[in-house]
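Peer 1: This structure is in structure tokens; I'll ask about it shortly.
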Amino acid sequence: MRSDVPAEDSSAAGRIALACVVRAHGVRGAVRCRLYGESADSLTTAGPVFLPDGRATRVRILATVGRHALCQLDGINDRAAATDLVGSELAVSRDRLRAPDASSYFHADLIGLSVRDTDDRAQGTVVAVHNFGAGDLLEVQPLAGASVFVPFTADAVPGVDIDGGVLRADAVWFSSGTPPPPSRPPTPGSHHDDT
């Protein structure tokens, strides 16, 4: 395992965001974070953790509840400093993370993929991945018009080719009218890393 000693890193390109600070907690600088992954472990084991301004820090996990963690960041010692971090993402160098398995993806790898539907028509580009509590949603910016939200399930997204830069989505999500809900949940064991 590499050292966890924080160091300055000016390259944000090779980083993967693991969590977002959603609010300050208490008066001693603790922050509540929304986790992008299944657990908070990577915040402590894949360090150092980088703040948006390039500062590196260590994270101590004080408590976790579901997809949220109460964290203490080295160098953040009061409520004002914690409040300044609200909305900031906590990221680690990509080479410090275990590669996702064949059925999982880093959100950073999905953003920017061209979207083609199952009828092989260009539909737009993935611009964001959201999770409002019911599973991951891909936000697709179409060639014209408002964003389309596609659930990131095996039915709605039958193919992802990171190397080829293309994601296949069921054509029904791009037709007029309201798309139907997915007919089945994702295949067991098939999940998408929320990082």
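The values are calculated or read from the model by the stated rules, or taken from the named source; none is laboratory data. Quick caveat: nothing in here was measured; it's all calculated off a predicted structure. Glycine also receives a Cβ, built like all others from the backbone with ideal geometry; neighbour counts cover every protein chain displayed.
Peer 1: Is at least one residue of the stretch 38-50 over 15 Å from Arg94 (Cα atoms) and modelled with pLDDT of 90 or more?
Peer 2: Scanning the stretch 38-50, I find no residue that is over 15 Å from Arg94 (Cα atoms) and modelled with pLDDT of 90 or more, so the answer is no.
Peer 1: Scanning the stretch 105-120 for residues that are touching a residue at least 40 places away in the same chain (Cβ under 8 Å) and acidic (Asp, Glu), which turns out farthest from Ala46 (Cα to Cα)? First the steps, then the outcome.
Peer 2: Of the stretch 105-120, the ones touching a residue at least 40 places away in the same chain (Cβ under 8 Å) are 105-110, 112-119.
Keeping just the survivors that are acidic (Asp, Glu) gives 109, 117, 119.
Details: Asp109: 19, Asp117: 36, Asp119: 41 Å.
Here the residue is Asp119.
Peer 1: Output yes when any residue across the stretch 35-56 is hydrophobic (A, V, I, L, M, F, W, C), in contact with a Pro (Cβ under 7 Å, 6 or more places away or on another chain) and either buried (at least 17 other Cβ atoms within 10 Å of the Cβ) or in contact (Cβ under 8 Å) with a residue 60 or more places away in the chain (or both), and no when none is.
Peer 2: As a first pass, look at the stretch 35-56 and keep what is hydrophobic (A, V, I, L, M, F, W, C): 35, 40, 43, 46, 49-51, 56.
From what is left, the residues that are in contact with a Pro (Cβ under 7 Å, 6 or more places away or on another chain) are 56.
From what is left, the residues that are either buried (at least 17 other Cβ atoms within 10 Å of the Cβ) or in contact (Cβ under 8 Å) with a residue 60 or more places away in the chain (or both) are 56.
Taking every residue of the stretch 35-56 in turn, at least one turns out to be hydrophobic (A, V, I, L, M, F, W, C), in contact with a Pro (Cβ under 7 Å, 6 or more places away or on another chain) and either buried (at least 17 other Cβ atoms within 10 Å of the Cβ) or in contact (Cβ under 8 Å) with a residue 60 or more places away in the chain (or both).
Peer 1: Please work out which one of (1) of a type outside the set (Lys, Arg); (2) more than 20 Å from Asp163 (Cα to Cα); (3) without any contact (Cβ under 8 Å) to a residue 60 or more places away in the chain; (4) outside the structural domain of Val166 (by TED's automatic domain parsing) is the condition Ala102 fails and give its number.
Peer 2: So Ala102 meets the others, but not (2).
Peer 1: Another question about this same structure. With the requirement that a residue be exposed (fewer than 13 other Cβ atoms within 10 Å of the Cβ) and either touching a residue at least 12 places away in the same chain (Cβ under 8 Å) or not assigned by TED's automatic domain parsing to the domain that holds Gln123 (or both), what does the stretch 148-160 give you? It would help to see each step written out before you state the result.
Peer 2: Within the stretch 148-160, the subset exposed (fewer than 13 other Cβ atoms within 10 Å of the Cβ) is 158-159.
Within the stretch 148-160, Pro158 is the sole residue that qualifies.
Peer 1: I've got another one for you. Hey, any hits in the stretch 76-92 for a residue that's touching a Lys or Arg at 6+ places or on another chain (Cβ under 6 Å) and under 28 Å from Asp161 (Cα atoms)?
Peer 2: Checked the stretch 76-92: at least one residue is touching a Lys or Arg at 6+ places or on another chain (Cβ under 6 Å) and under 28 Å from Asp161 (Cα atoms).
Peer 1: Which of the numbered conditions does Glu89 fail, given that it passes all the others? Conditions: (1) farther than 15 Å from Cys20 by Cα; (2) assigned by TED's automatic domain parsing to the domain that holds Arg23; (3) among the acidic types (Asp, Glu).
Peer 2: Result: Glu89 fails condition (1) only.
Peer 1: Given the conditions (1) at pLDDT 90 or above; (2) in contact with a helix residue (DSSP H, G or I) (Cβ under 9 Å, 6 or more places away or on another chain); (3) of a type in the set (D, E, K, R), which single one is not true for Asp74?
Peer 2: (2) is the only condition that Asp74 fails.
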